[in-house]
1. Is it true that Ile45 is of a type in the set (A, V, I, L, M, F, W, C) and touching a helix residue (DSSP H, G or I) at 6+ places or on another chain (Cβ under 9 Å)?
2. Scan region 34-48 for residues that are more than 13 Å from Lys85 (Cβ to Cβ) and among the hydrophobic types (A, V, I, L, M, F, W, C) and report the count.
3. Kindly indicate whether Ser93 is of a type in the set (Ser, Thr, Tyr) and more than 30 Å from Ile7 (Cα to Cα).
4. So how many residues does region 97-125 have that are aliphatic (A, V, I, L, M) and touching a residue at least 40 places away in the same chain (Cβ under 8 Å)?
5. Collect the residues in region 38-83 that are under 26 Å from Met112 (Cα atoms), surrounded by 10 or more Cβ atoms within 10 Å (Cβ to Cβ) and aliphatic (A, V, I, L, M), keeping them in residue-number order.
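Every number here is computed from the coordinates shown, using simple stated rules; none is lab data. Note that the structure is a prediction, hence the values are computed from the model and not measured. Cβ placement follows ideal geometry from the backbone for every residue including glycine, while neighbour counts extend to all protein chains displayed.
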Amino acid sequence: MDFFFVIWGGILALFIFKIIKHIRDATRLRKDGIKTTGVVIGSKIRWSRTTTVHPRIQFTTQLGDVIEVEGYTGISIPVYSKGEKVTVYYEASNPKNFTLDSDFERATPYLMLFLVAVMIAIFIGQHFAE
């Protein structure tokens, strides 16, 4: 049974690391990145055990390059409508490294951390209940 907790603990630790890295990268881009307005040009549906909808965004860099990217955060229903304008922060040297500036994009990683913390509490509670 302890092996089960070691494996799941490692998976959760990796997941937490990725979420924190995403939060730090997005915060850095909002602080140091170039701000522009993008347009939602559609959605990308990812099919797996759960289906998620990610916005496809198009924006123009300061150099005039048109960039098309797919949003990182997706849920089972579209959050953005086609044609909707969104604020984009991107890295000058790599415009495909970007973040959207919306309440949804800011809140989602923290919600994921909360859910992971609940899962950890449940696993610990189960372990000590035995």
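1. No.
2. Within region 34-48, residues that are more than 13 Å from Lys85 (Cβ to Cβ) and among the hydrophobic types (A, V, I, L, M, F, W, C) number 3.
3. Working: of a type in the set (Ser, Thr, Tyr): yes; more than 30 Å from Ile7 (Cα to Cα): yes.
Yes.
4. 6
5. Correct list: Val40, Ile45, Val53, Ile57, Val69, Ile75, Val79.
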